Amino acid sequence: MKNKYIILIFLLIFQSSFSEIFLSVNNEKPSINESFRMNIEFINSDKDDYKIDGIENFHIISKGSQSSYNMINGDLTIKKSDTYILKAKSIGKTTLQVVSKKEKSNVISMDILENENSNNSILNPKFNLEDIIESRNFYFGEKIAFEEKFTSTVGIERFEYIKRPNFNEISVKEITKMDARGSYPQKRVMINGREAVEIVLFEGILEANSSGEKNIEGGQVMVVESDGQYPSFFSTTTPVYLGDKNIKINVLPLPEGQPSNFKNIVGKIKSESSWSSDSISYGEAVTLNLKLSGVGNLEQLDKIVALADPKFTIYDSVKEYKESIVDGKFYNEKTYEVAFIPKLTGKVKIPDIKINYFNTESKTYEELVIKGKEVNISGTPNMQKVIEPQEAESNNKLEKVELKLLEVEKQSNPNPYKLLSFILGIVCLLEFLVIIVMKFWKTKK
């Protein structure tokens, strides 16, 4: 029995003298946004304290470990391994090597390639993450549509939206749609003749805070293709990482020569309008129903009629405002109700309404005109009518006659103070007579 232990100890010592570290990867030429698997095998070697030269050039996505012991024909082999999922930080050539206290592994030469697709999307035969934004110069004050879509032509075992887009110096209003369960809606689409599932991960309306070049950091997803195994944690499929792209846009300042009543609307707009009536009674209102729509930013335009009109009292109100992304472009529409209450009677013209905006297509300031309306107003106003020049002289004569009549009436009216004095005098006189009569009566007795 003692001899068996001695032999076992001898074998362990003998095997440890043939230790080795073996390094391998499943892809020596991954693209910048493609993850790969790196495996380190410690054969009869201590793996408790080691370092990896060149690992600083990679993101470590995950790490796992396992051990095995094999005895074949009396030879004991102890294998311990660490498995890493890595993704390169930059394009170019680099190397990987494991170094422990006693030995070094083989050297792996890596060549990190640029993505084959130079657009904002990262194409993969099975998966695709696409950042959708118009490829052109934008103008300060313009609203910009941004979408991030993921598509897959294969079954997915695991999916994570691990990083959302970062817009830095750009304001963003997110309008991403979610279903009743709080999940991203899925849609069936066709890609190159193959059926695929499309998920819109992010929808946002952007507006630059200043002019100049701006940088957008795209989002990133991790996806694992389903290999049909069950349960899924036994799967050996390598995760694929998509996204994390840098997108640059250029924002131009608005040109000089802005109109005096420019409302900072940047982008082409159009109008649809209707009037409620051609003829109204005095005290009623004629109403303009107006809808503005297009790519011009209408959110801040709340008042349509900028100047007061002496012939009308005007009330502006916004009925509805909606904004969305249509075919990769920003779109909004706003409906107004403008009430004109007349101050006069007769035929009165409501003037044209003019809205100035900057057309990003023609790169010029333009004017949108909403045609006015001539309205017939019947009835009698409860205010003084506007006097025509030929009526002024006759009106002045009438006013003088009225003043004379008032003076005559004023002279014929008794003075209340004189009347009061007269009454008091009569009372005093009567009192004096009563006193005299009483004295005379006493003397006679």
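Any read-out appearing in this document is the output of simple, stated calculations on the displayed coordinates, not a laboratory observation. Note that the coordinates shown come from a computational prediction; the quantities given were computed from them, not determined experimentally. Positions of Cβ are generated from backbone atoms using ideal geometry, with glycine treated the same way; all protein chains shown enter the neighbour counts.
In segment 14-95, if the dipole is taken from +1 on Lys/Arg beta carbons and -1 on Asp/Glu beta carbons about the Cα centre, which of Phe58, Met71, Ile32 is farthest to the positive end?
The one lying farthest along the dipole's positive direction is Ile32.
Past 19 Å, Cα to Cα: identify those pairs from Lys177/Lys214; Lys334/Lys373; Lys268/Lys322, in the order given. If you can, show how the numbers build up before the last one.
Values: Lys177/Lys214 26 Å; Lys334/Lys373 21 Å; Lys268/Lys322 16 Å.
From Lys177/Lys214; Lys334/Lys373; Lys268/Lys322, over 19 Å: Lys177/Lys214; Lys334/Lys373.
Distances over 27 Å make up what percent of all Cα-Cα pairs in segment 122-252? All intermediate terms of the calculation are to be shown ahead of the outcome.
Numbers: 2358 of 8515 pairs.
Percent of Cα pairs beyond 27 Å in segment 122-252: 28.
Taking just the C-alpha trace of segment 269-378, give me its Rg and Dmax in Å.
Expressed in Å, the Cα Rg and Dmax of segment 269-378 come to 15.6, 52.
Which value in nm describes the separation of the simple spin-label points at Ser276 and Gln300, placed 7 Å from the Cα toward the beta carbon?
3.1 nm
For a 21 Å ceiling on Cα separation, which of these pairs sit above it: Lys187/Lys248; Lys80/Lys101; Lys311/Lys354?
The pairs that break the limit, which is 21 Å between Cα atoms, are Lys187/Lys248.
Order 192-202, 95-105, 144-154 from most to least packed using the mean count of other Cβ atoms within 10 Å. Spell out each step's value before the answer.
Numbers: 192-202: 14.2, 95-105: 16.0, 144-154: 20.8.
In descending order of packing, they fall as 144-154, 95-105, 192-202.
For the peptides 314-321, 172-179, what is the packing order when you average, over each peptide's residues, the other Cβ atoms within 10 Å and list the highest mean first?
Working: 314-321: 13.4, 172-179: 11.8.
Answer by packing, highest mean first, reads 314-321, 172-179.
When ranked by the protection proxy of mean other Cβ atoms within 10 Å per residue, highest first, what sequence do the peptides 260-273, 288-301 form? Each step should come with its number before you reach the end.
On the way: 260-273: 16.0, 288-301: 19.2.
So the peptides 260-273, 288-301, ranked by packing, come out 288-301, 260-273.
Provide the net charge surrounding Lys363, with neighbours chosen by a C-beta distance below 14 Å and charges set as Lys +1, Arg +1, Asp -1, Glu -1. Display every interim value, and only then the final one.
Values: positive: Arg136, Lys268; negative: Glu142, Glu256, Glu361, Glu366.
Neighbourhood net charge equals -2.
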